[in-house]
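Enquirer: Got a structure here, written out as structure tokens. Questions coming.
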Amino acid sequence: MAQPPNQNLPTEIIKPIKFRTIIFSIIWIIIFVITANFAAKSYLEKYTTNRGDWLIRSKWELLLNLQKPVDWLILGDSSCNQGVVPSIFNKVLNTTSINLCTIGNMTSLNDAWMLETYLNKFPPPKHILVVHVPEVWSREFQISLLAKIPLPWGYWQQLEPKIQLSLKKQMMIFIEKYIPFYSSNRTLAKILMFPIDSFKLSSNFKLENDGFMIWEQANPSYVEQQKEEQINKVKNSDFNLSSHNRLAIDKMIDLAEKFNVDIYLASSPIYQELYENEQFQAYFNQVQKTLNVYAEKSPRMHQIQKPITFAKEQMENADHVIYDSAKVYTEQLLTEIVSLQKS
């Protein structure tokens, strides 16, 4: 077969790249990345599908924007967020109250910071209620969550107890706070893939004016699943109060004595069958015994010893109740508080 005649192939002419062009390209890329991250940050602050992140920001904004003092400051984790109903406090005690409870990984360190922030704005409240899941008292503060609190950079060295952070951890917080395309990539990916479902989910996150979150949907199967998980977690475990919680509770005692404020410590609602488990009950009793030591340090500290339990049909998970049960839980807490006040 005859070979085709040689043909002159076209050649690509590459223009020389100027240094100025490279610099402009880099600048535009940087501007795009910064703009995209700030746009994502702004969006996630309003429409995140992460309920924990949303709660932290929303409760802190509620505190920072609070216009009037209250008689009862209610602090704690998410079990308290949807478990303690301020309107019942107001009705039964003829008082004013606000629910500023966030999530468990904030520990009681966040309670102490919120209390100090409140005291910087208003006269001291008459009473403080602190409600946590028993296991929270053994946790250390999750450092990455510092990025979720809407306060100026470095606030963790201004509020008491202070946290000293290495340069590496501060960089981690910076990334968590200002570079969501890296730190929140899964949340953003879910929003991009399922925008309608994600928007519906974020729209379900609502608070009453007093900070309480109404949750109507029980989840009995998840309650059972969590029961097994919690039993396995505390099985043959000795309880130890974490260093962050120890610092926080000492600080709250100092503030309570300084400002003549009564603090009440209470446990979250508990799934009845979980509480009836011997291993969980042993762990629960260790927590109560440790907290009682702190309660005995000051006449301003009071501990509610009685566990308040519910059936799985009344709960979202093993320590979070739905709205009807929240009203019952709040009423029982009030009964215990009034009893302590009389003693």
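The values are calculated or read from the model by the stated rules, or taken from the named source; none is laboratory data. Since the model is a prediction, treat every value here as computed from it, not as a measurement. Virtual Cβ from ideal backbone geometry, glycine too; neighbours counted across all protein chains shown. Surface areas here come from the heavy atoms of the whole protein model, side chains and all, with no ligands, DNA or RNA. Shrake-Rupley method; radii C 1.70, N 1.55, O 1.52, S 1.80 Å.
Enquirer: Which one of the conditions (1) over 20 Å from LEU129 (Cα atoms); (2) more than 23 Å from the chain's Cα centre (by Cα) does VAL293 fail to meet, given that it meets all the rest?
Expert: Unmet condition: (1).
Enquirer: Please go through region 34-57 and give me each residue that is assigned to a helix (DSSP H, G or I) and either open to solvent by 70 Å² or more (accessible area, probe 1.4 Å) or β-branched (Val, Ile, Thr) (or both), ordered by number.
Expert: If the condition is that a residue be assigned to a helix (DSSP H, G or I) and either open to solvent by 70 Å² or more (accessible area, probe 1.4 Å) or β-branched (Val, Ile, Thr) (or both), then ILE34, THR35, PHE38, TYR43, LYS46, TYR47, ILE56 are the ones that fit.
Enquirer: Further, regarding this structure: Considering only residues that are part of a helix (DSSP H, G or I), open to solvent by 20 Å² or more (accessible area, probe 1.4 Å) and touching a strand residue (DSSP E or B) at 6+ places or on another chain (Cβ under 8 Å), look in region 58-92 and name the one that is nearest to PRO307 (Cα to Cα).
Expert: Restricting to residues being part of a helix (DSSP H, G or I), open to solvent by 20 Å² or more (accessible area, probe 1.4 Å) and touching a strand residue (DSSP E or B) at 6+ places or on another chain (Cβ under 8 Å), the top hit is SER78.
Enquirer: Further question on the same structure: When you look at ILE173, is it at pLDDT below 95, under 27 Å from LEU265 (Cα atoms) and surrounded by 15 or more Cβ atoms within 10 Å (Cβ to Cβ), yes or no?
Expert: no
Enquirer: Kindly indicate whether THR117 is of a type in the set (Ser, Thr, Tyr) and assigned to a loop (DSSP other than H, G, I, E, B).
Expert: no
Enquirer: Which of the residues spanning region 278-316 are of a type in the set (Asp, Glu) and surrounded by fewer than 20 Cβ atoms within 10 Å (Cβ to Cβ)?
Expert: Across region 278-316, the qualifying residues are GLU278, GLU296, GLU313.
Enquirer: If we scan region 137-153, do we find a residue that is open to solvent by 10 Å² or more (accessible area, probe 1.4 Å), basic (Lys, Arg) and under 12 Å from the mean Cα position of the chain (by Cα)?
Expert: Yes - at least one qualifying residue is present in region 137-153.
Enquirer: Something else now. Determine which member of the set GLU216, GLU229 is farther than 30 Å from PRO69 by Cβ, modelled with pLDDT of 80 or more and part of a helix (DSSP H, G or I).
Expert: None of the other options fit; the residue is GLU229.
Enquirer: Just to verify a result, which residue in region 106-131, among those that are open to solvent by 10 Å² or more (accessible area, probe 1.4 Å) and touching a Ser or Thr at 6+ places or on another chain (Cβ under 9 Å), is nearest to MET252 (Cα to Cα)?
Expert: Out of the qualifying residues, it is HIS127.
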